[in-house]
1. Count, please, the residues in segment 1-50 that happen to be open to solvent by less than 40 Å² (accessible area, probe 1.4 Å) and either part of a strand (DSSP E or B) or among the charged types (D, E, K, R) (or both).
2. Residue by residue through segment 51-63, note down the ones that are surrounded by 13 or more Cβ atoms within 10 Å (Cβ to Cβ) and among the small types (Gly, Ala, Ser).
3. Filter segment 226-241 down to the residues that are over 24 Å from Asp91 (Cβ atoms) and open to solvent by less than 50 Å² (accessible area, probe 1.4 Å) and list them by number.
4. What tally of residues in segment 154-173 results from selecting those that are modelled with pLDDT of 95 or more and part of a helix (DSSP H, G or I)?
5. If you go through segment 51-74 one residue at a time, how many are under 27 Å from Ser239 (Cβ atoms) and assigned to a strand (DSSP E or B)?
6. Might you let me know whether segment 78-100 holds any residue that is under 23 Å from Pro187 (Cα atoms), part of a loop (DSSP other than H, G, I, E, B) and either in contact with a Phe, Trp or Tyr (Cβ under 9 Å, 6 or more places away or on another chain) or open to solvent by less than 10 Å² (accessible area, probe 1.4 Å) (or both)?
7. Looking at segment 146-153, can you tell me whether even one residue there is out of contact with any His (no Cβ under 6 Å at 6 or more places or on another chain), open to solvent by 30 Å² or more (accessible area, probe 1.4 Å), in a helix (DSSP H, G or I) and more than 30 Å from Leu6 (Cβ to Cβ)?
8. Restricting to segment 108-132, and then to whatever is within 18 Å of the chain's Cα centre (by Cα) and crowded, with 17+ Cβ neighbours inside 10 Å, can you tell me which residue is modelled with the lowest pLDDT?
Amino acid sequence: MQRYFLNQTIHDQIILTDDQDIYQHFGKVMRARVGTQAEFVSQDQQVMIGEVIAMTPKTMTLAVVSQVAAEVELPIQVTLIVSPLKNDRSDWFVQKATELGVHRIVFTTMTRTVADWQKQQEKKAKRLAKIAQAAAEQAHRLMIPAIDFLPWSTVLNLPKQAGIVAWEESARDGEVGTLVQSVTSLPTGANLAMVFGPEGGLSEAEVQALEGHGFEPAGLGPRILRAETAPLYALSAISVLKELH
């Protein structure tokens, strides 16, 4: 069943109009007709099943027939802080991170960042927001992750209950338990911020700055992971530790 996000609360009926993307997709692409059902997520993350009861060339009326109980979000709110990546790798990363349950994605320019998004940031933001929404609908999530572009100085001071910086030197030094200890000690609803370097990795100065702002270096195993792979590895590990353990 298709799932759509609404920027409103849901009561007994849902009215869709032809100027909405939902109307265009559900009505035109999916060829909805009277009797067709879909899932709708309200602003307060309530999931309702709506059934089409009336259609005109410009509007679609759905009756709410039931509410769906769903616990699909990660028990902790994970913010991934990453560098812009070359080509379309950031698109792929946003899609997969959304499927894996990320709460927020922050792009920031780091010392060794290669991709320059400054002139096309607005265009990139719109594209990535659409990718995140489509992935959240496909994964039947209750929320669409926020996509932000922030300067490094702001990143250092983001509010959080815990912070981790993925640092390959920690793995080389034999550190293996920081990620597990940090994640398992966090209560439900806590905010975990995680920093991942660009293609060339984080500089020592950046890691030192992060440590000074409450981020703890952690290894992600003995293998060197790509910039877009490491955050997905971390999200998968968090899911195992908090949802499947």
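The values are calculated or read from the model by the stated rules, or taken from the named source; none is laboratory data. This one's a predicted model, so the numbers in the text were calculated from it and none came from an experiment. In this analysis, Cβ positions are derived from the backbone assuming ideal geometry, glycine residues included, and neighbour counts consider all displayed protein chains. What goes into the accessible areas is simple: the full protein's heavy atoms, side chains included, and nothing from ligands, DNA or RNA. Shrake-Rupley method; radii C 1.70, N 1.55, O 1.52, S 1.80 Å.
1. Qualifying residue count, segment 1-50: 13.
2. At the first step, the residues of segment 51-63 found to be surrounded by 13 or more Cβ atoms within 10 Å (Cβ to Cβ) are 51-53, 55, 59-63.
Hit for segment 51-63 is Ala63, nothing else.
3. Filtering segment 226-241 down to residues over 24 Å from Asp91 (Cβ atoms) leaves 240-241.
Within segment 226-241, Leu241 is the sole residue that qualifies.
4. 3
5. Count: 2.
6. The first filter runs over segment 78-100 and keeps only residues under 23 Å from Pro187 (Cα atoms), leaving 78-81, 97-100.
Within this subset, residues satisfying the condition of being part of a loop (DSSP other than H, G, I, E, B) are 100.
Keeping just the survivors that are either in contact with a Phe, Trp or Tyr (Cβ under 9 Å, 6 or more places away or on another chain) or open to solvent by less than 10 Å² (accessible area, probe 1.4 Å) (or both) gives none.
Checked against the condition, which is being under 23 Å from Pro187 (Cα atoms), part of a loop (DSSP other than H, G, I, E, B) and either in contact with a Phe, Trp or Tyr (Cβ under 9 Å, 6 or more places away or on another chain) or open to solvent by less than 10 Å² (accessible area, probe 1.4 Å) (or both), segment 78-100 yields no hits at all.
7. Yes, some residue in segment 146-153 is out of contact with any His (no Cβ under 6 Å at 6 or more places or on another chain), open to solvent by 30 Å² or more (accessible area, probe 1.4 Å), in a helix (DSSP H, G or I) and more than 30 Å from Leu6 (Cβ to Cβ).
8. Lys124
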